[in-house]
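The structure appears right after this line, and notes come after that.
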Amino acid sequence: MVLRRFGVVQPLPLQIVRRGASPVCQGDTADPWIVEAGLLRAWTVDDAGRELVLDVLGHGDLVGEADGGVSAWTVSALGPGRLRVARPDQIGPAMAERSERLTRLAGQLAWSGVRQRVEARLVDLATRLGRPVAAGTLVPLRITQDDLAAMVGTTRESANRAVRSLLDQDRLRRDARGRYVVRTRLRAVAR
């Protein structure tokens, strides 16, 4: 924050985040920022200490709350990144996109089996954040079985069985430990 003339406090236009840093914490007020570079993990913890990864945020995604209100989740940097103060014209579209993804996640948690949820999350990450490789689209982050379980609301063992099933069906390829290539044909996404 910068103190301006007449005591008005305004956020700096750029925030650098280091790996593991949390620019937004569950229960705290959070100004709206747009991800300029890097990947961030948005997650929530319930009263029993269970963690659910709600989203992985990348370029153009909204971090924080539109009105600077209280955040329902924590956002942590998966690597170095940069956030810019959100312009008013960016907030509405970014909120709509975030709402759409969270609604899709809620539907998957309610109505889909574990294998379908795992595949849907990996396809979403590949579509939004991935890069094309010879065998499909590489998801650009290392995902452990625990991470994947937290992303789809299941146990590590169930997530592991789902990944094995997707590998056996040739819908997924393991590029390296914790790196996945989605072999499903993806639609082009304009950003």
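The values are calculated or read from the model by the stated rules, or taken from the named source; none is laboratory data. Bear in mind the structure is a predicted one, so any value in this text is a computation, not a measurement. As a convention, Cβ positions derive from the backbone with ideal geometry for all residues, glycine included, and neighbour counts pool all protein chains shown. The accessibility values were calculated without ligands, DNA or RNA, using every heavy atom of the protein model including side chains. Shrake-Rupley method; radii C 1.70, N 1.55, O 1.52, S 1.80 Å.
Quick notes
- A Cβ-based charge dipole, computed about the Cα centre of the stretch 4-117 with Lys and Arg at +1 and Asp and Glu at -1, lands at about 380 debye.
- Heavy atoms of the protein chains alone define the surface here; on that basis the stretch 97-191 has 56 Å² accessible area per residue at 1.4 Å probe size.
- Carbon and sulfur %, accessible surface of the chain computed with the full protein complex present, 1.4 Å: 52 percent
- Cα-centred dipole magnitude for the stretch 90-191, charges only on beta-carbon of K, R (+1) and D, E (-1), debye, nearest 20: 240 debye
- For the stretch 110-135 versus the stretch 155-180, the gap between their alpha-carbon centres in whole angstrom: 11 Å
- 5 Å-binned pair-distance histogram of the stretch 77-191 (Cα, whole percent): 2, 11, 19, 22, 21, 14, 8, 4, 1, 0
- Rounded to the nearest angstrom and listed largest first, the equivalent-ellipsoid semi-axes of the stretch 1-140 from its Cα gyration tensor are 28, 18, 14.
- Measuring nothing but how far apart in sequence close Cα pairs (under 8 Å, 6+ apart) lie, relative to its length, the chain scores a relative contact order of 19 percent.
- 11 Å reach of a label modelled at residue 169, 7 Å along Cα-to-Cβ, counting backbone N of the stretch 110-138: 113-120
- Principal-axis analysis of the Cα atoms of the chain puts helix 114-129 at an angle of about 50° to the longest axis.
- Remark: accessible surface ordering of 76, 99 (largest first) is 99, 76, probe radius 1.4 Å.
- The slack between residue 67 and residue 45, meaning 0.36 nm per residue of separation minus the straight C-alpha distance, is 5.7 nm.
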